[in-house]
1. Based only on Cα atoms, what mean projected area does the convex hull of the chain have, in nm²?
2. When the Karplus curve 6.51 cos²θ - 1.76 cosθ + 1.60 is applied with θ = phi - 60°, which whole-Hz ³J(HN,Hα) does each residue of region 86-97 get, with x for Gly and Pro?
3. Please work out how many pairs of lysine residues in the chain are eight or more positions apart (or on different chains) and have Cα atoms closer than 19 angstrom.
4. Have a look at T17, T80, T42 and tell me which one the Gaussian network model of the chain (Cα, springs below 10 Å) gives the largest fluctuation.
5. Dipole of the chain (Lys/Arg Cβ +1, Asp/Glu Cβ -1, origin at the Cα centre): which of V76, A90, V37 lies farthest to the positive side?
6. Which residue, chosen from A64, V18, A7, occupies the Cα position most advanced towards the positive end of the dipole of the chain, where the dipole is computed from +1 (Lys, Arg) and -1 (Asp, Glu) charges on Cβ about the Cα centre?
Amino acid sequence: MPTFICALTWTDQGIRTVKDSPKRLGAGKELAKKMGVEIKQTFLTSGKEDLLVVVEAANGDNVAKFALALSSLGNVRTRTMRAWTESEYAKLLSELP
């Protein structure tokens, strides 16, 4: 399944209730599952983004819907990108003309 990385930043609302973040992660996993997205890993990060979430889904539409639904809850803003594993990356390059 295609892999995607979601970079999340807390909103003012999200950071005010940061101690609830682990509970929200559980709710986010349930939301993802309902939308055909599997959360593989979540990382708390330092720097520009607060969290990085690695997800898999059959297609990008499901991931886009999940990111929109998650953002609409008001605790995070999301940026999502498609990611290729090392073997997928090598295969892509081998198919270049």
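FYI, it's all coordinate maths here, none of it is from the lab. Since the model is a prediction, treat every value here as computed from it, not as a measurement. Reconstructed Cβ throughout: ideal geometry from the backbone, glycine too, with neighbour counts over all protein chains shown.
1. 6.9
2. Result, rounded to whole Hz: 4, 5, 5, 4, 4, 5, 4, 5, 5, 8, 5, x.
3. 9
4. T17
5. V76
6. Selected residue: V18.
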